[in-house]
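The values are calculated or read from the model by the stated rules, or taken from the named source; none is laboratory data. As the structure is a computational prediction, the values presented were derived from the model and not from experiment. We place every Cβ from the backbone using ideal geometry, glycine too, and count neighbours over all the protein chains shown.
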Amino acid sequence: MSQCERLLDPRTIPKTLWSWASEVLFIPPSLAKAYETLIERYCLRDLSNSRNSQTAPVGGLTEDLTNQHFAQAFDGSVARTELAMLDPRQVATLASNALITSLAGSSVCLTDAPCGAGAAAFALLSTTAELRAREVFPRLPLDVFLIGAELSETARKYALSMLDELRTSLEEQAIFVSQQFLSWDVTDPLSNTDLIRSITINSARASHRLLVVANFNAFLERHGKRKAAQPQIEELFRHVSGPHSVAIWIEPNMNRATGQGGLFQWLKDLVSTRWKRFANQGNDPAAGDPMCASSALFTLPLRPSQTAVVRLAVMRINLFRADQ
């Protein structure tokens, strides 16, 4: 357990997000409502009801694969990011503190890449809004420049529709979002250049830069794209680096992510070698391990009487340049 000071006391987490009695996580109410609205709008209820925990979808470029992931796995992706931020069991303090600091107030350029239908970004924004609504955090004006990078056109459509549903509840808590959803292929240098250009422009007026990479393990590891993606990932991290910049990488806790030779070991090796001029994981033993794991039950927003397990592995990478 990390010994550094936590910005969110777990005892203050509202009952709308976490039950201490049953140790169950709840999707933020505004996001759960928006998700159900979109499931009905796009006629995906039957597909959602056919979910099978033994064959979790990983998404893809086709409309059918995107629909399956949105209907059956979007809520789990939300819960995973929410668990990293709330961290009720106090095992991911470094990641939790970084997320909370970036979203506390003033302005932030939030890049969600790959964003899918926006599960990670909307989990962070809706959780922040709920903590403000319950007076856990102050309602300080926050301008968010949201950049969602995703190759699936259908997923980008869902992300934009979701933001439209959430905007009122966010603005009630002084969270104002301007957005840009881009087509992004991490294996294509030109596509990556377009994303970096957008980040550079939108972060010029931001007090913080937050890069969230979530649920990328299946593409990089299972599909064998790590080698082709590495130059673009390195370029992306390098260009995001600077004062008040941080990356949070979130994955399901499985051996391909956390095991020897897995995704997070690869990232640690890069940070300590090729990336050491613009990235680090801190060197304070009291702060705890920048990579950690957790799990929890969460209530299914479309079936509130049922729960599912979400398993989290998360890594914080400080994007501070050595010369700054």
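Going by the structure shown, is F278 among the aromatic types (F, W, Y), outside any helix (DSSP H, G or I) and within 19 Å of the chain's Cα centre (by Cα)?
Details: among the aromatic types (F, W, Y): yes; outside any helix (DSSP H, G or I): yes; within 19 Å of the chain's Cα centre (by Cα): no.
Answer is no for this residue.
Would you check if T111 is under 19 Å from L160 (Cβ atoms) and assigned to a strand (DSSP E or B)?
Numbers: under 19 Å from L160 (Cβ atoms): yes; assigned to a strand (DSSP E or B): yes.
So T111 fits the description; yes.
Would a scan of the stretch 63-71 turn up a residue that is out of contact with any strand residue (DSSP E or B) (no Cβ under 6 Å at 6 or more places or on another chain), of a type in the set (D, E) and free of Cβ contacts under 8 Å to residues at least 12 places away in the same chain?
yes
For the stretch 26-52: of the residues being in a loop (DSSP other than H, G, I, E, B) and either touching a strand residue (DSSP E or B) at 6+ places or on another chain (Cβ under 7 Å) or touching a residue at least 60 places away in the same chain (Cβ under 8 Å) (or both), which is nearest to A104 (Cα to Cα)? Working first, answer last.
First pass over the stretch 26-52, keeping only residues in a loop (DSSP other than H, G, I, E, B): 26-28, 42-44, 50-52.
From what is left, the residues that are either touching a strand residue (DSSP E or B) at 6+ places or on another chain (Cβ under 7 Å) or touching a residue at least 60 places away in the same chain (Cβ under 8 Å) (or both) are 26-28, 42.
On the way: F26: 21, I27: 20, P28: 17, Y42: 34 Å.
It comes out as P28.
Scan the stretch 4-25 residue by residue and report those that are aromatic (F, W, Y) and not in a loop (DSSP other than H, G, I, E, B). Quick ask: steps written out before the conclusion?
First, the residues of the stretch 4-25 that are aromatic (F, W, Y): 18, 20.
If the condition is that a residue be aromatic (F, W, Y) and not in a loop (DSSP other than H, G, I, E, B), then W18 is the only one that fits.
Return the pair list, or none, for Cβ contacts closer than 8 Å from residues in the stretch 258-282 that are within 15 Å of P243 (Cα to Cα) to residues that are acidic (D, E) and in a loop (DSSP other than H, G, I, E, B), at least 6 apart or on different chains.
R277/D323
Could you list, ordered by first residue, the pairs with Cβ atoms under 6 Å in which the first is in the stretch 221-242 and closer than 16 Å to A257 by Cα and the second is of a type in the set (F, W, Y), at least 6 apart or interchain?
What qualifies is K225/F219.
Do we have any residue at all in the stretch 290-313 that's part of a helix (DSSP H, G or I), touching a Ser or Thr at 6+ places or on another chain (Cβ under 8 Å) and surrounded by fewer than 19 Cβ atoms within 10 Å (Cβ to Cβ)? Before you say what the answer is, go through the steps one by one.
In the first step, residues of the stretch 290-313 are kept if they are part of a helix (DSSP H, G or I); the result is none.
No, every residue in the stretch 290-313 fails to be part of a helix (DSSP H, G or I), touching a Ser or Thr at 6+ places or on another chain (Cβ under 8 Å) and surrounded by fewer than 19 Cβ atoms within 10 Å (Cβ to Cβ).
Mind checking which pairs have a first residue in the stretch 147-175 that is under 15 Å from F74 (Cα atoms) and a second that is of a type in the set (D, E, K, R) and buried (at least 23 other Cβ atoms within 10 Å of the Cβ), Cβ under 9 Å, 6 or more apart or different chains?
That search, which allows pairs on different chains as well, returns E150/D112; R156/E150; A159/D112; A159/E150.
Residue-by-condition table, conditions (1) under 20 Å from R45 (Cβ atoms); (2) within 13 Å of the chain's Cα centre (by Cα):
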position	(1), (2)
T66	yes, no
D75	yes, yes
T81	no, yes
A95	no, yes
L99	no, yes
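Could you pull out the residue among A79, A119, A92 that is surrounded by 21 or more Cβ atoms within 10 Å (Cβ to Cβ), modelled with pLDDT of 95 or more, hydrophobic (A, V, I, L, M, F, W, C) and in contact with a helix residue (DSSP H, G or I) (Cβ under 7 Å, 6 or more places away or on another chain)?
Values: A79 fails: in contact with a helix residue (DSSP H, G or I) (Cβ under 7 Å, 6 or more places away or on another chain); A92 fails: modelled with pLDDT of 95 or more.
Step by step, each of A79, A119, A92 is checked, and only A119 is surrounded by 21 or more Cβ atoms within 10 Å (Cβ to Cβ), modelled with pLDDT of 95 or more, hydrophobic (A, V, I, L, M, F, W, C) and in contact with a helix residue (DSSP H, G or I) (Cβ under 7 Å, 6 or more places away or on another chain).
Given the structure, is P231 surrounded by fewer than 23 Cβ atoms within 10 Å (Cβ to Cβ), closer than 26 Å to G282 by Cβ and at pLDDT 95 or above? Outline the logic, then answer.
Values: surrounded by fewer than 23 Cβ atoms within 10 Å (Cβ to Cβ): yes; closer than 26 Å to G282 by Cβ: yes; at pLDDT 95 or above: yes.
Judged against the criteria, P231 is a match.
Out of the residues in the stretch 236-261 meeting the condition of being in a helix (DSSP H, G or I) and of a type in the set (V, I, T), tell me which one is surrounded by the fewest Cβ atoms within 10 Å (Cβ to Cβ). Quick ask: steps written out before the conclusion?
Filtering the stretch 236-261 down to residues in a helix (DSSP H, G or I) leaves 236-240, 255-258.
Then keep just the ones that are of a type in the set (V, I, T); that gives 240, 258.
On the way: V240: 23, T258: 19.
It comes out as T258.
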